[in-house]
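Data block below; observations after.
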Amino acid sequence: MRGVRSDENDRLHALSERFLAAKQFSGTHGLDVSERMQVEIAAQACILVLELGLAWYEGWSEIIVYPSQFAPEREVVDEAGVVHLTHDAMAGEAWLGGPVILSYEDVAMTADEEMRVAGYNVVIHEFAHKLDMRSGDPNGFPPLHAGMNSGEWKRVFSGAFEDFTKRVEAAESLPRRKVQAALDALPIDPYGAESAGEFFAVASEAFFETPELLAPAYPDVYAQLALFYRQDPLARLARST
Ligand SMILES: [Zn+2]
């Protein structure tokens, strides 16, 4: 993480050690989740709770790592009540009260300077869902700290979500050859338009990875996330450049 102070780094390291002692890793398809891979995942997961504490990750212990993206067979019910069987490839998943599942190929992408996609971090994304799930189904409304205003949170996030959804829809309705460039130009991952819960997870990824894009686009979201995570990644970035 860019601009992390040495005292922060020491605390992150200590937190990661405790995280590793509390969680069990397992690989699928013969993947051996090496110590280096575990440390890499732990450090990214712990960035979110650096100022909150590990208690936020209590109540579950399993981290399942796939070698690459996985496509579980799922039944989903659409708006018309019709059940569909889906096979969508996924980079990660977080279960309420259950495991976090990650594609290692996607985890590794974040660490690789050549491969990284700005703002994309599957570990931060899935662990943000875990924080959100402290108050039940992931709906973009994690438990807030004393002194934070839940009405303000709701107003800021629902306003930004609505605006972002419109921007994604506008990009998608362009002539076909222009769609991808328009989606790439958005300040955060278009996947954030899926639901309020995904918007929170995607905004959290951007908060830590590309705060210089999130803050000017959605300053109120940045401010609420700074209160929630008790961190200021923009200030960190200013220190590192
Ligand atoms: Zn998600």
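The values are calculated or read from the model by the stated rules, or taken from the named source; none is laboratory data. These numbers come from a predicted model, not from an experiment. Here the Cβ is made from the backbone with ideal geometry for all residues, glycine too, and neighbour counts use every protein chain on show. Surface accessibility is based on the protein's heavy atoms, side chains included, excluding ligands, DNA and RNA. Shrake-Rupley method; radii C 1.70, N 1.55, O 1.52, S 1.80 Å.
Below, the figures for the structure above:
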read-out	value
Residue among G59, G27 that is within 18 Å of Y104 (Cβ to Cβ) and either at pLDDT 95 or above or open to solvent by 50 Å² or more (accessible area, probe 1.4 Å) (or both)	G27
Test for G197: is it closer than 23 Å to P216 by Cβ, within 14 Å of the chain's Cα centre (by Cα) and within 11 Å of the ligand (Cβ to nearest atom)	no
Residue within the stretch 139-158 that is open to solvent by less than 10 Å² (accessible area, probe 1.4 Å) and either within 12 Å of the ligand (Cβ to nearest atom) or basic (K, R) (or both) present	yes
Only listed residue being within 16 Å of the ligand (Cβ to nearest atom), surrounded by fewer than 16 Cβ atoms within 10 Å (Cβ to Cβ), of a type outside the set (K, R) and under 23 Å from F207 (Cβ atoms), chosen from L96, L102	L96
Residue within the stretch 125-137 that is within 15 Å of the ligand (Cβ to nearest atom) and farther than 20 Å from C46 by Cα present	yes
Which numbered condition F70 fails, given (1) under 19 Å from P142 (Cα atoms); (2) within 15 Å of the ligand (Cβ to nearest atom)	(1)
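Yes/no per residue for (1) within 15 Å of the ligand (Cβ to nearest atom); (2) open to solvent by 30 Å² or more (accessible area, probe 1.4 Å); (3) more than 15 Å from the chain's Cα centre (by Cα); (4) on the phi > 0 side of the Ramachandran plot:
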{"position": "H84", "(1), (2), (3), (4)": "no, yes, yes, no"}
{"position": "H87", "(1), (2), (3), (4)": "no, yes, yes, no"}
{"position": "A118", "(1), (2), (3), (4)": "no, yes, no, no"}
{"position": "V122", "(1), (2), (3), (4)": "yes, no, no, no"}
